[in-house]
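Notes to accompany the following structure.
The values are calculated or read from the model by the stated rules, or taken from the named source; none is laboratory data. Nothing here was measured: the structure is a model prediction, and the numbers come from that model. Ideal geometry is used to build each Cβ from the backbone, glycine not excepted, and the neighbour counts take in all protein chains shown. For accessibility, only protein heavy atoms count, side chains too; no ligands or nucleic acids. Shrake-Rupley method; radii C 1.70, N 1.55, O 1.52, S 1.80 Å.
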Amino acid sequence: MRGETCTVCSEAVSKYKCPTCRAGYCSVKCFKLHKLEPCAPPDHSTPAAAPSKGRVLKQSEQDRIGDDDEEEKYRLTPGDLQKLDESTKVKQLLMNPNTRALLEAVRKDPNPVEAIRALRQRPDFEELAQALIGATAMTSQCYI
């Protein structure tokens with residue numbers, strides 16, 4: 001069975017869903033393109049609309065999106081996820097309700113990278129960031 005087509009490029013199968021509007025996309029590049037325009041949670045009172053087709057991008061938009069290969073080197077591997085799962089320090093920090101609230105705020109923020117940058121000024125959030133980085137041994141690759 002073939003999945004839904006990416007709502008951004010209309011060329012590949014969508015593997016991911018926008019956390020806000022649930023539109024399907026195939027890559028980080030397409031997600032960044034999707035986020036150039038505001039979206040809203042789906043309205044469940046009306047029938048689902050057909051996915052929008054891809055659009056031609058201006059060169060300035062293409063330049064802002066970046067390259068999938070660049071993003072790929074920061075993607076967590078199954079081994080990294082296992083290390084996070086086994087980290088008692090990360091688990092301990094995630095038990096804190098304040099930390100969980102901060103993470104939820106990042107998840108809901110329309111610009112999560114900027115939200116993380118701002119939160120890293122807080123000692124409690126920076127402690128979590130360092131625990132995550134340390135658990136996955138990504139210290140030389142951290143870009144936020």
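Of the conditions (1) under 25 Å from ALA137 (Cα atoms); (2) within 14 Å of the chain's Cα centre (by Cα); (3) surrounded by 13 or more Cβ atoms within 10 Å (Cβ to Cβ); (4) modelled with pLDDT of 80 or more, ARG107 clears all except one; give me its number.
(3)
When only residues in the stretch 110-139 that are open to solvent by 60 Å² or more (accessible area, probe 1.4 Å) and not in a loop (DSSP other than H, G, I, E, B) count, which is farthest from PRO19 (Cα to Cα)? Working first, answer last.
Pass one, the stretch 110-139, residues open to solvent by 60 Å² or more (accessible area, probe 1.4 Å): 110-111, 114, 117-118, 121-123, 127, 130, 132, 137, 139.
Remaining after also requiring not in a loop (DSSP other than H, G, I, E, B): 114, 117-118, 123, 127, 130, 132.
Details: GLU114: 17, ARG117: 20, ALA118: 21, PRO123: 27, GLU127: 26, GLN130: 25, LEU132: 22 Å.
Ranking the qualifying residues of the stretch 110-139, first place goes to PRO123.
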